[in-house]
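Laboratory data are not the source of any read-out in this text; all were calculated from the coordinates shown. Please read these numbers as outputs of a predicted model, since none were measured by experiment. Positions of Cβ are generated from backbone atoms using ideal geometry, with glycine treated the same way; all protein chains shown enter the neighbour counts.
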Amino acid sequence: MEKKDARIIVFGNEKGGTGKSTLAMHIVVGLLNEGHRVAVIDLDSRQKSVARYLQNRQTFMANGGDTVHMPAFAVVTHSDASLIKDRETEDQKNLQTALNEFKESVEFIIIDCPGNDTYLSRLAHALADTLVTPINDSFVDLDLLGEVSAESYEVKKLSFYSEMVWDSRKFRSASGKPPMDWVVIRSRLASLDSRNNKRVHKVLESLQKRIMFRYVPGLYERVIYKELFPRGLTVLDMVNVTNLSHVAARQEVRSLLEKLNLS
Ligand SMILES: Nc1ncnc2c1ncn2[C@@H]1O[C@H](COP(=O)(O)OP(=O)(O)O)[C@@H](O)[C@H]1O
Ligand SMILES: [Mg+2]
């Protein structure tokens, strides 16, 4: 039987703090727990959140914690060559080297992007079989997708980021690849069902047809997502969960994993 190429899942947007790295780690652990072989590439060489998450995970085990699954892993740093052309060639080469290292041995490659526009991030977007874009629950974040009319909620103009995703899609179809599945996730949701919440929901429903993404609810804002970082754990690693909020957190991660349709 012919081996399928590893599925590339990119976590990207052009803003920090929306939950890309936290979500990426949860999806990685979800896939590992299902028995899949997974590799992670961290392109955010400044924050290195996923790299740090995984180091913490390793240390947790080394210090006598329970054994938890680990993915294969690489950080790709941005080139600091002085000429743009050289920087781009080097970035391309380094990303390709990381992909080549993993693509034969895993089923999923998760790429975590920085929260700003970089050449490496663009390269990753053009490779995405699934692109996951978390946005926070506000009109400020909706602007990252497109400019929306205050009265009718119509999309007036695509954002720079949406244009970039559009270009990545064109590039994919020109090279004969199946279409990218772009999933926009509302992340760090407020627990109150506020008026703002409903408005954002309405706008996303109309934006998804216009910009062609799938819109799915994501994770609520919960302290547990912050607390687990120092041990490198996710809510899916916790055993004997009794706290109701933790049970709900696990359930929302599982439900998200299902909606991503990865396997
Ligand atoms: N669902 C959530 N609930 C509470 N805190 C969260 C949640 N998602 C992320 N965070 C916290 O928000 C901050 C930014 O998250 P991070 O995943 O690093 O975002 P990004 O990678 O988009 O910059 C971190 O302190 C993280 O612990
Ligand atoms: Mg990050």
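Simple rule: put +1 on each Lys or Arg Cβ and -1 on each Asp or Glu Cβ in the chain, find the dipole, and look at Asn196, Leu120, Asn33; the Cα lying farthest toward the positive end is Asn196.
Cα-Cα pairs above 27 Å in the chain: how many percent? Beyond 27 Å sits 38 percent of the P(r) for the chain.
The GluC sites (Glu not before Pro) of the stretch 82-173 that meet both conditions, a loop assignment by DSSP and at most 10 other Cβ atoms within 10 Å of the site Cβ, are Glu104, Glu151. Extent of the stretch 79-180 along its three principal axes (Cα atoms, max minus min coordinate, largest first): 50, 35, 27 Å.
Pairs of Cα atoms in the stretch 202-263 fall into 5 Å distance bins, from 0 up to the last occupied one, in shares of 4, 15, 21, 20, 16, 11, 8, 5, 1 percent. Considering only Cα atoms, the convex hull volume of the stretch 19-73 works out to 76 Å³ per residue.
Between beta-carbons, use under 14 Å as the cut-off and find the net charge around Asn116, counting Lys and Arg +1, Asp and Glu -1. Can you show the working numbers first?
Working: positive: Lys15, Lys20, Arg46, Arg122; negative: Glu14, Asp44, Asp112, Asp117.
After counting each charged neighbour, the total is 0.
Only helices enter this figure: runs of n ≥ 4 DSSP H residues, each worth -39500 (n - 2.57), summed and divided by the residues of the chain, yield -13500 deg cm²/dmol at 222 nm to the nearest 500. Each of Pro217, Thr22, Ile135 was scored by the projection of its Cα onto the charge dipole of the chain, and the greatest displacement toward the positive side belongs to Pro217; charges sit on the C-beta of Lys, Arg, Asp and Glu.
Cross-link pairs exceeding 19 Å in C-alpha to C-alpha distance, out of Lys85/Lys177; Lys157/Lys209; Lys85/Lys157; Lys156/Lys202; Lys157/Lys202; Lys15/Lys48, comprise Lys85/Lys177; Lys85/Lys157. Relative to one another, the C-alpha centroids of the stretch 60-77 and the stretch 110-158 are positioned 30 Å apart.
As I understand it, the dipole of the chain uses +1 on the Cβ of Lys and Arg and -1 on the Cβ of Asp and Glu, about the Cα centre. Which of Pro179, Asn63, Ala74 lies farthest toward its positive end? After comparing all options, I get Pro179.
Each of the peptides 183-189, 205-211, 240-246, 48-54 was scored by the mean count of other Cβ atoms within 10 Å over its residues; in descending order, highest first, they stand as 183-189, 48-54, 205-211, 240-246.
Projected label points at Lys85 and Asp66, each 7 Å from Cα along the beta carbon direction, are separated by 5.5 nanometres.
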